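Accompanying notes for the structure given below.
The values are calculated or read from the model by the stated rules, or taken from the named source; none is laboratory data. This is a predicted model, so every value here is computed, not measured. Here Cβ is always computed from backbone atoms with ideal geometry, including for glycine, and neighbour counts include all displayed protein chains.
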Protein chains: 2
Amino acid sequence: MLPTEKIIHFLQQKVEVTTEEAAVFGEAFQAKIFRKKQLAIQPTFTAKYRYYVVKGALRSFIMDHKGEENTIALAIEDWWITDYNSYIYQQPATLFVEAISNSTVLQLSYENEQKLKAANPKFETFFRIIAERGLASQQRRLIANLTQSAEERYENFAKLYPQFVNEIPQYIIASYLGMSTEFLSKILNHKLNCKS
Amino acid sequence: MLPTEKIIHFLQQKVEVTTEEAAVFGEAFQAKIFRKKQLAIQPTFTAKYRYYVVKGALRSFIMDHKGEENTIALAIEDWWITDYNSYIYQQPATLFVEAISNSTVLQLSYENEQKLKAANPKFETFFRIIAERGLASQQRRLIANLTQSAEERYENFAKLYPQFVNEIPQYIIASYLGMSTEFLSKILNHKLNCKS
DNA sequence: GCTAAAAAATGAACTAGCTTAAGAAATAAA
DNA sequence: TTTATTTCTTAAGCTAGTTCATTTTTTAGC
């Protein structure tokens, strides 16, 4: 499936649109390839785009005062990613957005998004829906972080996103789950020993 | 200012509307009073409403397996609160939403919200904007939780929301910041000693 | 297939923050 | 004013998770 076909398909799952409307929507996006470790967004620069992942995986992370990377979000096929604080308010970013593996994305510029929303209320509805779902999913993540132990967080993550477990480096998963690499390693190997 | 005037004012800050449109919007809401500790939303029941706080303060929290309350969100004048996972998908709630002090809110039912959005794209835009802002603010919170120590989290919270510090019980702040009451107490008193 | 680099594992020493428990203060109720 | 309830403080012991230093394994480039 072509990138543009993919996003049109995604759009159609959320709102009902005519063929012409779908075409207008698709034309607002631009296909782009990021190689592993390449940065899409960097702190101090304003996030000009939001990204829809066609293939591969990206993540956003913040670097703390100790130089540690804290993964804020992960995105695979059919997910969206950007630094929302930067993109929405068009202010300098605080996050990095980086390709975890070689990836194909569709980028939507802030200006194009405004044009889409102004042109057709259906697109406004679309962006409202994805923002709301993002909000709900962030709420779930916050709850997990506040209420579960490191081991429980990993267990649930692995159950919820099995596709990540084998496809992305462990140190990224650890940082997404808010624990050190070493500790995640300990959890994993401890589990193996106890099972056998 | 009357409750309905307040929310119309809030609406006008986000989107341009005519007097009639504003009136239609205001009519979708219903004023309601919650007394301190009263519950607006409870687990297992579906969240029928989202709440706009006119006066007072509310919070949402989840109870973990140990019976500890983990505060997910706080809301004061001009803020919104609900269990988004429950409200958006109309599924059973997992959170409590409780009044911290005697409060006046405007409640918007799920049905009324759908009607508003269907009736006028400007309302669709309005809800898109508040969802996006919620998303950005959740992102900020997640970053704070992942990158800062308990003491730093409190420092920043106090700077960002001074109005909360004296107005809501310490144990709620502690649970919002993801630490025990005792530990927050230690931080506060330790700070006093070091300053003098 | 070899080499260099990146990622994962291991273990020991350490610490931030939690738990428990008991008392003091503050607030509300009567 | 007294009593009851809720909130806050203090301190000691504990544990989940970190840090650091080293080794092993995997991956990627040539």
Select from the stretch A:113-129 the residues that are closer than 22 Å to residue B:138 by Cα and buried (at least 20 other Cβ atoms within 10 Å of the Cβ) and write down the one among them that is farthest from the other protein chains (Cβ to nearest Cβ).
A:126
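Quick grid of which residues meet (1) modelled with pLDDT under 95; (2) of a type in the set (A, V, I, L, M); (3) in contact with a helix residue (DSSP H, G or I) (Cβ under 7 Å, 6 or more places away or on another chain):
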site: A:14; (1), (2), (3): no, no, yes
site: A:20; (1), (2), (3): no, no, no
site: A:67; (1), (2), (3): yes, no, no
site: A:81; (1), (2), (3): no, yes, no
site: A:97; (1), (2), (3): no, yes, no
Would you check which residues across the stretch B:61-96 are touching a Phe, Trp or Tyr at 6+ places or on another chain (Cβ under 7 Å) and away from DNA strand D (no atom under 16 Å from the Cβ) and list them?
B:72, B:78, B:80, B:81, B:82, B:87, B:90, B:92, B:93, B:95
The stretch B:74-92 - residue that is of a type in the set (Phe, Trp, Tyr) and within 9 Å of chain A (Cβ to nearest Cβ) and, of those, farthest from residue B:158 (Cα to Cα)
B:89
State whether the residues of the stretch A:170-193 include one that is at pLDDT below 95, within 16 Å of DNA strand C (Cβ to nearest atom), of a type in the set (Phe, Trp, Tyr) and over 19 Å from residue B:144 (Cβ atoms).
no
Working carefully through the options A:56, A:67, A:26, find the one that is without any contact (Cβ under 8 Å) to a residue 24 or more places away in the chain and under 22 Å from residue A:1 (Cβ atoms).
A:26
Qualifying residue in the stretch A:46-57 (condition: at pLDDT 95 or above, assigned by TED's automatic domain parsing to the domain that holds residue A:105 and over 15 Å from the mean Cα position of the chain (by Cα))
yes
Among the candidates B:152, B:167, which residue alone is under 21 Å from residue B:103 (Cβ atoms) and either surrounded by fewer than 17 Cβ atoms within 10 Å (Cβ to Cβ) or within 15 Å of DNA strand D (Cβ to nearest atom) (or both)?
B:167
Index of the failed condition, residue B:109 passing every other in (1) more than 14 Å from chain A (Cβ to nearest Cβ); (2) touching a helix residue (DSSP H, G or I) at 6+ places or on another chain (Cβ under 7 Å):
(2)
In the set A:103, A:60, which member is buried (at least 23 other Cβ atoms within 10 Å of the Cβ) and more than 25 Å from residue B:134 (Cβ to Cβ)?
A:103
Grab the helices (runs of 4 or more DSSP H) fully contained in the stretch A:1-98, keeping just those with 3 or more residues being of a type in the set (A, V, I, L, M, F, W, C).
A:3-14, A:19-27
Could you go through the stretch A:45-56 and let me know if any residue there is charged (D, E, K, R), away from chain B (no Cβ under 14 Å) and surrounded by fewer than 23 Cβ atoms within 10 Å (Cβ to Cβ).
yes
Exactly one of A:81, A:76 is within 25 Å of residue A:1 (Cα to Cα) and either in contact with a Gly (Cβ under 9 Å, 6 or more places away or on another chain) or not β-branched (Val, Ile, Thr) (or both), and that residue is A:76
Give the number of residues within the stretch B:78-95 that are over 15 Å from residue B:130 (Cα atoms) and loosely packed, with under 15 Cβ neighbours inside 10 Å.
4
Say whether the condition of being loosely packed, with under 15 Cβ neighbours inside 10 Å and modelled with pLDDT of 95 or more is met by at least one residue in the stretch B:4-11.
yes
